[in-house]
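J.: One structure follows; several queries about it will come next.
The values are calculated or read from the model by the stated rules, or taken from the named source; none is laboratory data. Predicted, not measured: the structure shown is a model, and the values here were computed from it. Cβ placement follows ideal geometry from the backbone for every residue including glycine, while neighbour counts extend to all protein chains displayed. When the accessible area is computed, the model is the full protein with side chains, heavy atoms only, and any ligands, DNA or RNA have been set aside. Shrake-Rupley method; radii C 1.70, N 1.55, O 1.52, S 1.80 Å.
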Amino acid sequence: MTVLDQIVAATRARLETEPRPDLTAARRAAAAHEPHRFEKALGRDGVNVIAEIKAASPSAGTIVENPDVEQIASDYARGGAAAISIVTEKDFFKGDRAWIARVPTLPVVMKDFIIDESQLVRGVAAGASAILLLASLLEAKQIKHFIGVLDDFGCDALVEVHDEEELERARDARIIGVNNRNLRDFSVDLATSERLNVPSGVVKVAESGIKTRNDIDRLRAAGFHAFLVGESLLRQNDRAAAVRALTQP
């Protein structure tokens, strides 16, 4: 089994023990936010950084033990981040959905391994403005259905792809993220974003392997609108300054 297979198996096992999702709580949380605020945040002028909060990953091990989510999110906001990404997967990334509610200002995209509609409802109820959908795990019909579910809550879908086959499955997406990291072997190559011919008319997000302003300029030249940056920001002593270095010329 690959690491991705192990994560999905753990997710399926966890879903069997979780209570039914609370639709009322999801509707209440959705009503408290401007609809589609994540997509709007990525459409502003300038460099739009989606700054990530995660405790660990299978490739890097522990990154930030017991992260101070409020402080990190505040640092990112001061640096000019457009949005926050929170990795909520528990077993391999040591995340928690409860962290989403600890980000009071910027829109949050919840990153998890979504295989069931119940996870979408729980994410919306937790306060997410957007939820990651992995085209590597979902068929085109599932992606279309999940986008529709999120639309009903005024929540956005960030549909992540890594190759042409996955890009074809994401044809109904309004926001497409190209992950430069191969989730099966965790190798990283920025050229992945340059190779894939993401259609015009969608918001294009480059993900993984982005460390410097030169990386961002390279990807902007390839037509990308937003840039998801995680580990390289989390490891900085001054995270606000690190975000600022990416967003300002």
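J.: Considering the dipole of the chain built from charges on the beta carbon (Lys and Arg +1, Asp and Glu -1) around the Cα centre, which of 183, 36, 161 is farthest to its positive end?
T.: Value computed over the given set: 36.
J.: Rounded to the nearest percent, how much of the accessible area of the range 72-136 (1.4 Å probe, protein heavy atoms only) is carbon and sulfur?
T.: The value for the range 72-136 is 50 percent carbon and sulfur by accessible area.
J.: Using DSSP, restrict attention to beta bridges with both residues in the range 125-249 and report what percent are antiparallel, rounded to the nearest 5.
T.: Close to 5 percent.
J.: I would also like to ask the following. Could you list which residues have their amide H under 5 Å from that of residue 133, counting only those 5 or more apart in sequence or on another chain, with H placed in the peptide plane?
T.: Hits under the 5 Å cutoff: 158, 159, 160.
J.: To continue, here is another question. Quote the convex hull volume per residue of the range 127-249, based on C-alpha atoms, as a whole number of Å³.
T.: Dividing the Cα hull volume of the range 127-249 by its residues yields 120 Å³.
J.: Per the 1.4 Å probe, what fraction of the accessible area of the range 12-62, in percent, lies on carbon and sulfur atoms?
T.: The computed percentage sits at 49.
J.: Using the Cα gyration tensor of the chain, with a ≥ b ≥ c the square roots of its eigenvalues, what is the shape: rounded (a/c below 1.5), prolate (a/b larger than b/c) or oblate (neither)?
T.: rounded
J.: Taking the Cα centre of the range 1-101 as origin, work out the dipole magnitude from +1 charges on Lys and Arg Cβ and -1 charges on Asp and Glu Cβ, in debye rounded to 20.
T.: The dipole of the range 1-101 has a size of about 300 debye.
J.: Ok, one more. Find the accessible area per residue for the chain; the probe is 1.4 Å, ligands and nucleic acids are left out, and the unit is Å².
T.: On the way: 11020 Å² over 249 residues.
With the other protein chains kept in place, the chain gives 44 Å² per residue.
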